[in-house]
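First the structure, in the form of structure tokens, and then the observations on it.
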Amino acid sequence: MSNHSPADASQGVQRKILTAYDMPETSEDISRRSFMAGATLTIGGIVGVILAIPIVGSLIPSGAGAKGTWSPLTTAEWNDLQKATDKPVKLEFSMKTKDAYLPEQTFGDYVWGVKVDPAKFKAARPDLPAKLPFSDGSYDVVNMSFVILSPICPHLGCRPIWSADANRFQCPCHGSQFDLDGAHLAGPAPRGMDPLPLREQSGVADVMWIRYRSSVPDRVILSYQS
Ligand code: FES
């Protein structure tokens, strides 16, 4: 049965239906709401930090603090390198890597070796200083008149192939091209090919693998593993 009297209706009286929003707040309501807001912010902050840790971690070069490992070239590879005067020589070798949490592992990969005239190389690669930093300090980009070039394209990580016909490295993925010294000639690569450390110790030539960050103009060490 309606509570509205016929008189109310006839006079057009507007009756307001009260909702929770219209009720005056008690101090208990206010303190509960403050608590809920604070709790929401705190939980949101914790979740944000948990999500941010792996993201931030992925942006920190993993090479920071890691140690590189020298890998020896065989006598045959060293002899091949001597012949790398007008074309690069592919040097396949075994690398040993030691992760802090894993036993030592051995696996194979290759680098490009080029015999250079140091003065001409310096002119051809103005993007390179004489020395580059690595885990043991710094290394000479040209050592014993040789340069070791990483086989990893600095664009997105494919492997450029040496074309004797074109007399240059050509990357099969997006067409970057590099000359014998590894200087960038064409294509989207943001820098020339990356040199790697070479040393001679007790009559044995050693090379070290370094993986640099791709797609950036600067050389940022990512890891000492391929
Ligand atoms: S990965 Fe070499 S050009 Fe893109």
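The numbers here are math on the coordinates, done by the rules we state, and not lab data. Here the structure is a predicted model, which is why all the values come from computation and not from measurement. Positions of Cβ are backbone-derived with ideal geometry, glycine not excepted, and every protein chain shown enters the neighbour counts.
Just give me the residues in the range 163-220 being among the β-branched types (Val, Ile, Thr), within 19 Å of residue 147 (Cβ to Cβ) and assigned to a loop (DSSP other than H, G, I, E, B), in sequence order.
Pass one, the range 163-220, residues among the β-branched types (Val, Ile, Thr): 204, 207, 210, 216, 220.
Applying the additional criterion that residues be within 19 Å of residue 147 (Cβ to Cβ) yields 204, 207, 210.
The one that is among the β-branched types (Val, Ile, Thr), within 19 Å of residue 147 (Cβ to Cβ) and assigned to a loop (DSSP other than H, G, I, E, B): 210.
For residue 216, are the conditions met, namely being more than 14 Å from the ligand (Cβ to nearest atom) and of a type in the set (Val, Ile, Thr)? Even if it seems obvious, please write down each step before you answer.
On the way: more than 14 Å from the ligand (Cβ to nearest atom): no; of a type in the set (Val, Ile, Thr): yes.
Answer is no for this residue.
Any chance you could count how many residues in the range 139-193 are near the ligand (Cβ under 8 Å from one of its atoms) and touching a residue at least 60 places away in the same chain (Cβ under 8 Å)?
Residues flagged as near the ligand (Cβ under 8 Å from one of its atoms) and touching a residue at least 60 places away in the same chain (Cβ under 8 Å) within the range 139-193 amount to 3.
Please work out which one of (1) surrounded by 17 or more Cβ atoms within 10 Å (Cβ to Cβ); (2) part of a loop (DSSP other than H, G, I, E, B) is the condition residue 121 fails and give its number.
Unmet for residue 121, out of (1) surrounded by 17 or more Cβ atoms within 10 Å (Cβ to Cβ); (2) part of a loop (DSSP other than H, G, I, E, B): (2).
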